[in-house]
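Here the structure comes first, spelled out in structure tokens, and everything after it is commentary.
The values are calculated or read from the model by the stated rules, or taken from the named source; none is laboratory data. Computed from a predicted model, the values in this text were never measured in an experiment. Virtual Cβ from ideal backbone geometry, glycine too; neighbours counted across all protein chains shown.
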Amino acid sequence: MWKTLAGLMFAFAVVASPLSAATMGEDGLHKQDWFTITFKDIAEDIETAKEDGKRLALVFEQRGCIYCAKMHEKVLSDPEVADYIKENFIVVQYNMFGDEEVIDLDGSELSEKSAARKWGFVFTPTVVFLPEDVPEDKTVAEAAVATMPGSFGKWTFLNMFKWVNEKGYESDEHFQKYHARIINQLREEGRLSGE
């Protein structure tokens, strides 16, 4: 009987575990092998992204964040999402409570945790999208073209990256209307059933 119970528990553990678990770093944050590691000089990172024909996105996370785990395991593990982001963005990960040095766009030097407070980011994950060109005399929070606080499903997440990449923030089509339009197109194409 004990062997049967142990076998059932093992089978349940195998079935219940995520198929594509994200890698965990020494800092306790989930990692993607395509995240970019930089010196966290925001102006320099914007320039590097632009030279590569991409945009810069910062993602704030924290140790033990269940929503960050969900983002990595359910959304960023999706090839359609990951491929689009890798093709169009450089993503730099920040630790909401980290001590690594950051250089803000206004030139001030601070830790990751001080930067998060200064910029007003309180949720993890939070994805911050920066402009194509380095703005003068602004902080990251002032220069951001869009911010996505929290964890969302595949289509909301992917559509936000697409909206930013297509410069939707410069148009009259608010993100929510853009997202609804794309969702309706996906339904018409039969690519979406109940989302």
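What do you reckon, is Val122 aliphatic (A, V, I, L, M) and exposed (fewer than 13 other Cβ atoms within 10 Å of the Cβ)? When the stated conditions are applied, Val122 passes them. Checking each residue in the range 17-56 for being outside any loop (DSSP other than H, G, I, E, B), at pLDDT 95 or above and either in contact with a Lys or Arg (Cβ under 8 Å, 6 or more places away or on another chain) or closer than 17 Å to Pro135 by Cβ (or both) picks out Asp41, Ile42, Ala43, Glu44, Asp45, Ile46, Glu47, Thr48, Ala49, Lys50, Arg55, Leu56.
Among the residues of the range 52-88, those identified as in contact (Cβ under 8 Å) with a residue 60 or more places away in the chain and touching a His at 6+ places or on another chain (Cβ under 9 Å) are Glu61, Cys65, Cys68, Met71.
Suppose we keep only residues that are over 14 Å from the mean Cα position of the chain (by Cα) and part of a loop (DSSP other than H, G, I, E, B) within the range 57-81. Which one would you say is surrounded by the fewest Cβ atoms within 10 Å (Cβ to Cβ)? The extreme case among them is Gly64.
In the range 35-49, the qualifying residues are those that are of a type in the set (Ser, Thr, Tyr) and in contact with a helix residue (DSSP H, G or I) (Cβ under 9 Å, 6 or more places away or on another chain), and the one that is surrounded by the fewest Cβ atoms within 10 Å (Cβ to Cβ) is Thr38. Given the condition part of a helix (DSSP H, G or I), aromatic (Phe, Trp, Tyr) and surrounded by 20 or more Cβ atoms within 10 Å (Cβ to Cβ), answer yes or no: does some residue in the range 171-179 qualify? Among the residues of the range 171-179, not one is part of a helix (DSSP H, G or I), aromatic (Phe, Trp, Tyr) and surrounded by 20 or more Cβ atoms within 10 Å (Cβ to Cβ), which makes the answer no.
For the range 82-109, the set of residues classified as surrounded by fewer than 16 Cβ atoms within 10 Å (Cβ to Cβ) and assigned to a strand (DSSP E or B) consists of Glu101, Glu109, listed by residue number.
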